[in-house]
Ligand SMILES: Nc1nc2c(ncn2[C@@H]2O[C@H](COP(=O)(O)OP(=O)(O)OP(=O)(O)O)[C@@H](O)[C@H]2O)c(=O)[nH]1
Ligand SMILES: [Mg+2]
């Protein structure tokens, strides 16, 4: 059965910003991602937002009329508004107002699947709600009619109800924070264990819907320790809300940890960035970032700027990054095409993935060295270790033991040094 969609008007304030048009079309996509039908679009150009109503007086009147004409369920504003601006606009338009932050929070809430993601979204939502407790029209209505069944409430008891609500939310926030801390403590332990093994880690980052999870799956399918541990790929905004880490083992026994992360969007609410800090810290701890860009999107340059800003916001700086311009098949560009460490590619094509793997490997294994060992015959465990954990290039049998030439991380040479007869960088 088709559920009837709720309708909305989107409206934005153009403060002479070059990103304005792009952020408006993105707002429409965000609304669609939340299953809303956008029936009209209004824009106002101003030097400064109005303190009380965000838009100017004439525009607010136009908004009220338009909302009435279309009989919409809500009006979506392209920025985060103050609680009083939402309240004033709702009063003047008689329509529910949702700001960009509220909309994105809603999408995240609908997408969250794991316990951790759900808690993180809930935390962000509560932090957003706290200063807005009094704002929504429906909430005021609830308070007026009195949820306890009383026929009327005077102003005094209304305020204490507000105070009560605030305390409940504050308590919820600290409860969630505690629970998240526990979950994240075990994540941290896992990461420390991985770090101790000294495997290079690579994180896929970038805009939502650019193709990060698709690339992850391609690599897992070929080189994954478990080939079937695929992640979800979907043509929608914010398909991925959890960080997944997978171990790759290449035919030469070199290993790598690959992580797929939450996608970015312009003006990503700071409450979400804060709440998802730990999920995103997988990227912050990577040795190499692979920025995935949708080459077929006309706004790709602005998307790259947004990615840069967001990475900075979560404290990711000074990690080497390569950029892949994905979906070149849709853009109609020849591929794979390499320029330095960057690549024009298509995630579903084999030769593109081969080239990508080459670039990632070149940037991940520069600390590898080639050494020749002679191992006495009574040290079979060391021969086994070299065979299973390093890239063995040749094996010979000498009277004094097994001669093995192998490629391995140089910091692993230490405990094998007694057996090294030759080393070349
Ligand atoms: N034609 C084409 N489609 C692609 C390519 N890469 C990904 N897609 C499609 O783009 C959509 C989004 O891909 P995902 O891998 O889910 O994107 P993502 O970056 O993980 O998105 P989020 O999880 O939302 O951040 C899916 O429908 C993919 O099939 C490509 O190179 N060419
Ligand atoms: Mg994804």
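Read-outs throughout are calculated quantities, based only on the coordinates presented, and are distinct from any laboratory measurement. Bear in mind that the values here come from a model prediction, so they are computed numbers and not experimental data. When we count neighbours, we look across all protein chains shown, and the Cβ atoms used for this are built from the backbone with ideal geometry, even at glycine.
Using Cα pairs under 8 angstrom and six or more residues apart, how large is the relative contact order of segment 368-424, in percent? Write down the numbers at each step before the final one.
Numbers: 91 pairs, mean separation 29.5, N = 57.
Across segment 368-424, relative contact order equals 52 percent.
By how many degrees, 0 to 90 and rounded to 10, does the Cα axis of helix 350-364 deviate from the longest principal axis of the chain?
80
Fewest Cβ neighbours within 10 Å first, please rank 358, 118, 212 accordingly.
With the sparsest Cβ surroundings first, the list reads 358, 118, 212.
Which residue, 332, 56, 206, tops the fluctuation ranking in a GNM of the chain built on C-alpha contacts under 10 Å?
332
For 70, 115, which order do you get if you count the other beta carbons within 10 Å of each Cβ and list the fewest first? Before the final figure, lay out each step's value.
Values: 70 14, 115 11.
Fewest-to-most Cβ neighbours within 10 Å comes out as 115, 70.
Students often check this: by mean Cβ neighbours within 10 Å, which of 59-67, 259-267 ranks highest, and how do the rest follow?
Numbers: 59-67: 18.1, 259-267: 23.3.
My ranking of the peptides, most packed first, is 259-267, 59-67.
For segment 6-111, what does the relative contact order come out to in percent, with C-alpha contacts under 8 Å and a separation of six or more? Before the final figure, lay out the partial values.
Working: 157 pairs, mean separation 35.2, N = 106.
This gives 33 percent for segment 6-111.
What's the angle, to the nearest 10 degrees (0 to 90), between helix 20-33's Cα axis and the longest principal axis of the chain?
90
Could you work out the relative contact order of the chain? I mean the mean sequence separation of Cα pairs under 8 Å and 6+ apart, divided by the number of residues, in percent. If you can, show how the numbers build up before the last one.
Details: 681 pairs, mean separation 45.4, N = 425.
It comes to 11 percent, rounded to a whole number.
Among 214, 101, 372, which one shows the highest mean-square fluctuation when the chain is modelled as a Gaussian network with alpha-carbon springs under 10 Å?
Among 214, 101, 372, the largest GNM mean-square fluctuation belongs to 372.
Quick check of the Kirkwood formula: for segment 368-424, what is the inverse mean of 1/r over all pairs of different Cα atoms, in Å? Spell out each step's value before the answer.
Values: mean 1/r = 0.0908 Å⁻¹.
Kirkwood hydrodynamic radius for segment 368-424: 11.0 Å.
Consider just the alpha-carbon atoms of segment 199-364 and return their Rg together with their Dmax, both in angstrom.
Cα only, segment 199-364: 14.7, 44 Å (Rg, Dmax).
Within the P(r) computed for segment 1-131, what percentage of the Cα pairs occupies the region above 22 Å? Before the final figure, lay out the partial values.
Details: 3243 of 8515 pairs.
So the pairs more than 22 Å apart make up 38 percent of the total in segment 1-131.
Any chance you could run the full-extension gain for residue 424 through residue 362? It's 0.36 nm times the residue separation minus the Cα-Cα distance, nm to one decimal.
On the way: separation 62, 0.36 × 62 = 22.32 nm, distance 1.75 nm.
Extending this stretch completely gives an extra 20.6 nm.
Please compute the alpha carbon radius of gyration of the chain, then divide it by the globular-protein estimate 2.2 N^0.38 Å. Two decimals is fine.
Numbers: Rg = 27.3 Å, N = 425, 2.2 N^0.38 = 21.9 Å.
Normalised Rg, Cα atoms only: 1.25.
Give me the angle, in degrees from 0 to 90, between the Cα long axis of helix 380-389 and the longest principal axis of the Cα atoms of the chain, rounded to the nearest 10.
Approximately 40 degrees, to the nearest ten.
Report the residue, chosen from 173, 322, 382, that carries the largest GNM mean-square fluctuation when the chain is represented by alpha-carbon nodes joined by springs under 10 Å.
382
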